[in-house]
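Encoded as structure tokens, the structure appears first; notes follow it.
Bear in mind that the values in this text are calculations on the coordinates, not laboratory data. Bear in mind that the values here come from a model prediction, so they are computed numbers and not experimental data. Methodologically, a virtual Cβ is constructed for each residue, glycine included, from the backbone with ideal geometry; neighbour enumeration extends over all protein chains shown.
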Amino acid sequence: MKSYDVVIVGGGVIGSSIAYHLAQQNLRIALIDKGEIGREASAAAAGLLGVQAEWTSDDPFFEIAQRSRKLFPQLAETIRHMTGIDIGYEQKGIYRVAFNEAEMANIITIKEWQSAYGERFDMLNTRQLLQREKQLNTSLIGGVFCQDDGHVLAPKLTQGLALAASYLQVEIIEYCEVLSILKKERQVTAIHTTLGNIETSHVVIASGAFSNQLLRDFKIDVFPVKGEVIQLYSNEPMITAPIFNERFYIAPKRGGHYILGSTMLENDYSKDVTAGGIQQILQHAFALIPRLEKATFKNHWSGLRPHCTNNQPFIDEHPSIKGLYAAIGHYRNGILLSAVTGELIAHKIKEARENEVNG
Ligand code: FAD
């Protein structure tokens, strides 16, 4: 029977980041996916590192998200140095814009509480917005420029983390579905998979929206929130930084590409992209940048955001089963939170192993 110190179930951005961060600890680690690494939600994401843009109310994950965003410049550099993969990290800010007074009031409230955490904003009226971004709709009444947010190329991030992990001796096992976790006296002993049993004393469940079967011991429920996305191309410049309005966004990527998203369809496990979804996204996009009507339609896709019923990710060890961990439910912010999640789980496993050694 194969044997590892740690097995990570799920090779999305979360599992790959955990594998990369754990790999520094000189352990025998396997990263297992039922398909190919990085082909689910993590490949569908727009890659926004949107602490300022995404957090509409104060919660414990706000500071964790700030910490994660800070890790990206170094992470991008390390991945490039180790693997040659450029994750497309850019810290050029994100705009949150408003079409009416209610949206503007909401933006101001968010700006006020986030400023207390040190986040930096430029308040902009219509004239100032249009001075910076000439293609924006003139009927916008204003907005804020969130200076500290940024973005990456999400598929490259997962690819880079997984490759860096494999260079650090993590074994990557694809097309292997983990069916159950085996325990003896409340201690993890092995996993049961479609390729047979694998012995291990530590399992991290990072299997995204597909996790309920493996999460029974945690009493956490995860469900998918499907998001559809469109990619356009334009050979004239449209915007220099992502634009956010009421959860819809346009993210400029290198080479004249624009990612437009995204719908929010709860409990939809299909990967279909509907005509209605495309219409909804384009309507929002054209309202923000009318000139985008001239852009070329390049691609569309969808992904399933893993969402916990209590609205927060779970990144921790099981309270009473030794060796069982979960990093799950990162919902709209798994790309942003991937760096800190990898760090947190690696730290917890390190501590647990040190405690085992010291009795
Ligand atoms: P996944 O990427 O879904 O990976 C889970 C993996 O586990 C899969 O590869 C799957 O095959 C594997 N797996 C499942 N079950 C098993 C099993 N039993 N055995 C073995 N393997 C298994 N986040 C941001 O921070 N910024 C954004 O701009 C952003 N935009 C998004 C846009 C869209 C349209 C979507 C859908 C998501 C977006 N997100 C964004 C959210 C982000 O993509 C997710 O939170 C993140 O990718 C979740 O990563 P994950 O590794 O948990 O899940």
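Which whole-Hz couplings ³J(HN,Hα) result when phi for each residue of the stretch 247-259 is put into the Karplus expression 6.51 cos²θ - 1.76 cosθ + 1.60, θ = phi - 60°, listed in order with x for Gly and Pro?
The phi angles translate into 6, 9, 8, 10, 10, x, 10, 4, x, x, 9, 10, 9 Hz.
Among the GluC sites (Glu not before Pro) in the stretch 113-176, which ones are in a DSSP loop with at most 16 other Cβ atoms within 10 Å of the Cβ? Mind listing them? Intermediate values should be presented prior to the final figure.
Values: sites: GLU119, GLU133, GLU171, GLU174; in loops: GLU119, GLU133, GLU174.
Sparse-neighbourhood loop GluC sites (Glu not before Pro): GLU174.
Counting only C-alpha contacts under 8 Å and six or more residues apart, can you give the relative contact order of the chain as a whole percent? Could you put the intermediate results ahead of the total?
Details: 819 pairs, mean separation 89.7, N = 359.
Here the relative contact order equals 25 percent.
Loop-only check: which trypsin sites (Lys or Arg not before Pro) in the stretch 17-47 are DSSP coil with at most 10 other Cβ within 10 angstrom?
Numbers: sites: ARG28, LYS34, ARG39; in loops: ARG28, LYS34, ARG39.
Hits after loop and neighbour filter: nothing returned.
Full-extension gain between GLN131 and ASN358, please, as 0.36 nm times their residue separation minus the C-alpha to C-alpha distance.
On the way: separation 227, 0.36 × 227 = 81.72 nm, distance 6.22 nm.
Result for the pair: 75.5 nm of gain on full extension.
Please identify the GluC sites (Glu not before Pro) of the stretch 217-272 that satisfy two criteria: DSSP loop assignment and at most 16 other Cβ atoms within 10 Å. Which are they? If you can, show how the numbers build up before the last one.
On the way: sites: GLU228, GLU246, GLU266; in loops: GLU246.
Here the GluC sites (Glu not before Pro) that fit, given the DSSP loop and packing criteria, are GLU246.
Please determine, in degrees from 0 to 90 and to the nearest 10, the orientation of helix 61-83 with respect to the longest principal axis defined by the Cα atoms of the chain, where the helix direction is its Cα long axis.
Computed tilt is about 80 degrees.
In debye to the nearest 20, how big a dipole does the chain give about its Cα centre with +1 on each Lys and Arg Cβ and -1 on each Asp and Glu Cβ?
On the way: 35 positive and 39 negative charges, 105 e Å.
Charge dipole, the chain, about its Cα centre: 500 debye, nearest 20.
Pairs of Cα atoms under 8 Å, at least six residues apart: use those to get the relative contact order of the stretch 74-192, whole percent.
Values: 150 pairs, mean separation 36.3, N = 119.
RCO, the stretch 74-192: 30 percent.
Let me know the shape class of the stretch 1-43, please: from the alpha-carbon gyration tensor, a ≥ b ≥ c as square roots of the eigenvalues, rounded when a/c is under 1.5, otherwise prolate if a/b is greater than b/c, or oblate.
On the way: a/c = 3.69, a/b = 1.49, b/c = 2.47.
Judged from the Cα gyration tensor, the stretch 1-43 comes out oblate (a/c at least 1.5, b/c at or above a/b).
So for ARG305, ARG186, fewest C-beta neighbours within 10 Å to most, what's the order? Don't jump to the answer; show the numbers that get you there.
On the way: ARG305 25, ARG186 12.
Starting with the residue having the fewest Cβ neighbours, the order is ARG186, ARG305.
Using the Cα gyration tensor of the chain, with a ≥ b ≥ c the square roots of its eigenvalues, what is the shape: rounded (a/c below 1.5), prolate (a/b larger than b/c) or oblate (neither)? Working shown, then result.
Values: a/c = 2.03, a/b = 1.86, b/c = 1.09.
Prolate.
Could you tally the net charge around ALA105, taking each other residue with its Cβ under 12 Å from the Cβ of ALA105, Lys/Arg +1 and Asp/Glu -1? Working shown, then result.
Numbers: positive: LYS111; negative: GLU101, GLU103, GLU112.
With Lys, Arg at +1 and Asp, Glu at -1, the neighbours total -2.
Distance cut-off 30 Å, Cα to Cα: go down the list LYS34/LYS111; LYS70/LYS184; LYS2/LYS70; LYS111/LYS226 and report the pairs above it. Could the numbers behind the result be given before it?
Values: LYS34/LYS111 42 Å; LYS70/LYS184 40 Å; LYS2/LYS70 37 Å; LYS111/LYS226 28 Å.
Long pairs (Cα-Cα over 30 Å): LYS34/LYS111; LYS70/LYS184; LYS2/LYS70.
Give me the net charge of LYS298's neighbourhood, meaning all other residues with Cβ under 14 Å from the Cβ of LYS298; Lys, Arg count +1, Asp, Glu -1.
Details: positive: LYS253, ARG254, LYS294; negative: none.
After counting each charged neighbour, the total is +3.
Quickly estimate the mean residue ellipticity at 222 nm for the chain, helices only: each DSSP H run with n ≥ 4 gives -39500 (n - 2.57), and the total goes over all residues, rounded to 500.
Values: 9 runs with 115 residues, N = 359.
Taking each H run of at least 4 residues, the total per residue is -10000 deg cm²/dmol.
Taking a ≥ b ≥ c as the square roots of the eigenvalues of the Cα gyration tensor of the stretch 131-284, is the shape rounded (a/c under 1.5), prolate (a/b larger than b/c) or oblate? Before the final figure, lay out each step's value.
On the way: a/c = 2.73, a/b = 2.11, b/c = 1.30.
Prolate, because a/c is 1.5 or more and a/b exceeds b/c.
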